[in-house]
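One structure below.
The values are calculated or read from the model by the stated rules, or taken from the named source; none is laboratory data. What you see is a predicted model, and the numbers here were worked out from it, not measured in a lab. Counting neighbours? That spans all protein chains shown, and the Cβs are built from the backbone with ideal geometry, glycine included. Heavy atoms of the whole protein, side chains included, go into the accessibility calculation; ligands, DNA and RNA do not. Shrake-Rupley method; radii C 1.70, N 1.55, O 1.52, S 1.80 Å.
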Amino acid sequence: MSKLLEACLGNLWVQRFTFGLMGLDLQQDRRTLRSPVTYLVMMLATSFELCTVCGFIVQQRHDIVLCSEALMHGIQMVSSLLKMIIFVCKGRELVSLIAAIQAPFLRPIIDAAELRVWRVQNRRGQIFSAIYLLMCAGTSISFLVMPVASTTLIYYKSGQFVPVSSFRVAHASDLAVIFACSLPYDVTNPVIYFLDCCLMVPVLTFFCCSTTAVDTLYGWFVFGLTAHYRRLELELQSERMQSSTGRELDQRLEQLFREHARLLELVARFEAGFRDIACVEVLLICVLYCSVICQYIMPHTNQNFAFLGFFSLVVSSQLCIYGFGAEQVRHEGQQFAYQLYQLLPWHELPPHQRRLLLLPLQRAQKETQLAAYFFRLGRPLLVWIFRTASSFTTLLNTLRAKD
């Protein structure tokens, strides 16, 4: 059991598993798009369902309650599609960044303390990734299983086939089944209903895998950069650095500053690689969070509370990953700047070594910010998202009250 748990918490296990289910590969020596057919089938199935959701919103545009339900699914599908399109376009760049972050910790000879830091951060990242995968899987499973179970139970009790959606009963004149959507076929036919449920399998798998894979990969980069910063702090605190003098100190400082410059380059590559994905996440999360809140405050019948509970956890976790992940990188950069200033005996160094320290000290004290074009990721952005989502929710609730 312990070996199985160790394997499940291995480096990038969750990310490799979820990307693999979509036909993608994170190995540097292989093609990123390993199985184009699998990827294309999931993209097309999700695009088809997105079109039906848009059709339903147009049909029910005067009913805010129904539109908010459909909007929740539509926004999440748009988010998943855009994330995966961006990832495929930037796949090689992100895969090479993974290798660059792992490289210092995969050397044949490495300090035990540095290796311990890497393992601790990596394990934390994989534990969080596994929990996030379970939440996404719970969302997908409850969304499909609960309506099918309700439909089966109604048929068993009454002998009538009445398809049930994730939110309400679908009557013969209502073509909404698994999603609140407008389908071009009659789902009140048991065979068509079964085929439509089969169509939902790749759609829900795509939602689960795309959301888990991209979001947890972002989190893995955050934990990896944290390990790099703490590795430099260990070097600063080491006895070798504290006891070095003269030429030996010059060499160690030169090596330290070179590693710090490489780390800042990794942070810049990380920001560039995820800038588009983070921008999509921020732009859509306000409306998505608003539609989730609307499910709790607006009246419904036959609400799928299992799905809604899991989905609320997923949306909240997305906010934490991108917001607090950026805060973590900023905090680690700030901590290294403090350590560099406090631990190095710069006031005891000769003038030429003090001049050597000026540029690294200035570079370390510059605040590390992760941006997404118009937005700076961090706690202030989280506050803005909550305020915007609350404003949208109030607006929708007021419009519903007037109707």
- For the subset of the range 278-314 comprising residues that are polar (S, T, N, Q) and either more than 23 Å from T216 (Cβ to Cβ) or surrounded by 21 or more Cβ atoms within 10 Å (Cβ to Cβ) (or both), which member is modelled with the lowest pLDDT? T301
- Message: Among the residues in the range 114-127, are any among the β-branched types (V, I, T), open to solvent by 20 Å² or more (accessible area, probe 1.4 Å), within 22 Å of F48 (Cβ to Cβ) and part of a helix (DSSP H, G or I)?
- Response: no
- Message: Would you confirm whether or not the range 53-64 contains a residue that is surrounded by 13 or more Cβ atoms within 10 Å (Cβ to Cβ) and either within 24 Å of the chain's Cα centre (by Cα) or hydroxyl-bearing (S, T, Y) (or both)?
- Response: yes
- Report, ordered by the first and then the second residue, all pairs with beta carbons closer than 7 Å, sequence separation of six or more or different chains, a first member in the range 121-145 that is closer than 12 Å to W13 by Cα, and a second member that is part of a helix (DSSP H, G or I) and open to solvent by 30 Å² or more (accessible area, probe 1.4 Å). N122/F223; G125/F223; Q126/W13; A130/C8
- Query: Looking at S68, S80, which is the one that is open to solvent by less than 20 Å² (accessible area, probe 1.4 Å) and either of a type in the set (K, R) or more than 27 Å from A272 (Cα to Cα) (or both)?
  - Reply: S68
- Item | Pair list, Cβ under 6 Å, 6 or more apart: the range 315-330 residue open to solvent by 10 Å² or more (accessible area, probe 1.4 Å), other residue among the β-branched types (V, I, T) and not in a helix (DSSP H, G or I) | R330/T368
- Query: Can we say I110 is assigned to a helix (DSSP H, G or I) and closer than 26 Å to Q27 by Cα?
  - Reply: no
- Query: Among all residue pairs at least 6 apart or on different chains, which show Cβ distances below 6 Å where the first residue, located in the range 295-311, is farther than 12 Å from S68 by Cβ and the second is at pLDDT below 70 and open to solvent by 30 Å² or more (accessible area, probe 1.4 Å)?
  - Reply: T301/R168; N302/R168
- Task: Please verify whether the range 89-104 includes one or more residues that are open to solvent by less than 30 Å² (accessible area, probe 1.4 Å) and either modelled with pLDDT under 85 or over 28 Å from T226 (Cα atoms) (or both).
- Result: no
- Somewhere in the range 22-32, is a residue open to solvent by 60 Å² or more (accessible area, probe 1.4 Å), assigned to a loop (DSSP other than H, G, I, E, B) and in contact (Cβ under 8 Å) with a residue 24 or more places away in the chain? yes
- Query: Has the range 73-91 got any residue that is more than 18 Å from L21 (Cα to Cα), assigned to a loop (DSSP other than H, G, I, E, B) and touching a residue at least 12 places away in the same chain (Cβ under 8 Å)?
  - Reply: yes
- With respect to L50, determine if the residue is out of contact with any helix residue (DSSP H, G or I) (no Cβ under 7 Å at 6 or more places or on another chain), part of a helix (DSSP H, G or I) and at pLDDT 85 or above. no
- Message: Going residue by residue through the range 263-277, is there one that turns out to be at pLDDT below 85, surrounded by fewer than 18 Cβ atoms within 10 Å (Cβ to Cβ) and assigned to a helix (DSSP H, G or I)?
- Response: no
